[in-house]
């Protein structure tokens, strides 16, 4: 999915799954957190559009890198869906710091769900599992990272991988990692320590 400059659009386009949901016949009762009809003259709506455009400019690349490092096979789709989720929940957030933190959490959750789904699909599929493949844009983002380290990172359990990526690639503090992962600070320490030990073991076995 190609990035579209925020100045040329008013909505972050939802990925295919979200688009299909929007195209489906309306339910009898809309969910409480559904997107309200957009009124471009509404000051609150204008504030949301401005804040989301700024959030997109500042964090799109880092969120794309995060999704790719966490193991998403379609990081652009994950990030697009995450921004769409932010758009839907903006009236509840209304704060740039909370929005950034929530965005990271959504990227982590969606990536985790995506990986779990692919594991189930591939487990029951007759053909052998498809080799790891990422888009050209994601490959470019990861070009400067050591290939051996990235490959070793992908072999870790999801929680350990998340803890290490958020700490050492994203540079988050322990409390921020706990918020993004939806776990306690103590669990962050545990996953980080185990992740480092496992990563070291994987790298040593490659020698």
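Got at least one residue in segment 161-170 being at pLDDT below 90, over 20 Å from residue 97 (Cβ atoms), crowded, with 19+ Cβ neighbours inside 10 Å and not assigned by TED's automatic domain parsing to the domain that holds residue 109? No, there is no match, as no residue in segment 161-170 is at pLDDT below 90, over 20 Å from residue 97 (Cβ atoms), crowded, with 19+ Cβ neighbours inside 10 Å and not assigned by TED's automatic domain parsing to the domain that holds residue 109.
Suppose we filter 168, 191 for residues that are farther than 13 Å from residue 68 by Cα and either touching a helix residue (DSSP H, G or I) at 6+ places or on another chain (Cβ under 6 Å) or not in a helix (DSSP H, G or I) (or both); which single one remains? Can you show your working first?
Numbers: 168 fails: either touching a helix residue (DSSP H, G or I) at 6+ places or on another chain (Cβ under 6 Å) or not in a helix (DSSP H, G or I) (or both).
So the residue among 168, 191 that is farther than 13 Å from residue 68 by Cα and either touching a helix residue (DSSP H, G or I) at 6+ places or on another chain (Cβ under 6 Å) or not in a helix (DSSP H, G or I) (or both) is 191.
Given (1) modelled with pLDDT of 80 or more; (2) farther than 12 Å from residue 71 by Cα, identify the lone condition not met by residue 157. Of (1) modelled with pLDDT of 80 or more; (2) farther than 12 Å from residue 71 by Cα, only one is false for residue 157: (2). Of all the residues in segment 173-192, those that are surrounded by 19 or more Cβ atoms within 10 Å (Cβ to Cβ) and without any contact (Cβ under 8 Å) to a residue 24 or more places away in the chain number 2.
When residue 129 is tested against (1) at pLDDT below 80; (2) surrounded by fewer than 16 Cβ atoms within 10 Å (Cβ to Cβ); (3) in a helix (DSSP H, G or I), only condition (3) is not met.
The values are calculated or read from the model by the stated rules, or taken from the named source; none is laboratory data. Because the structure is predicted, anything quoted here is derived from the model rather than measured. All Cβ positions, glycine included, derive from the backbone under ideal geometry; neighbour counts span all protein chains shown.
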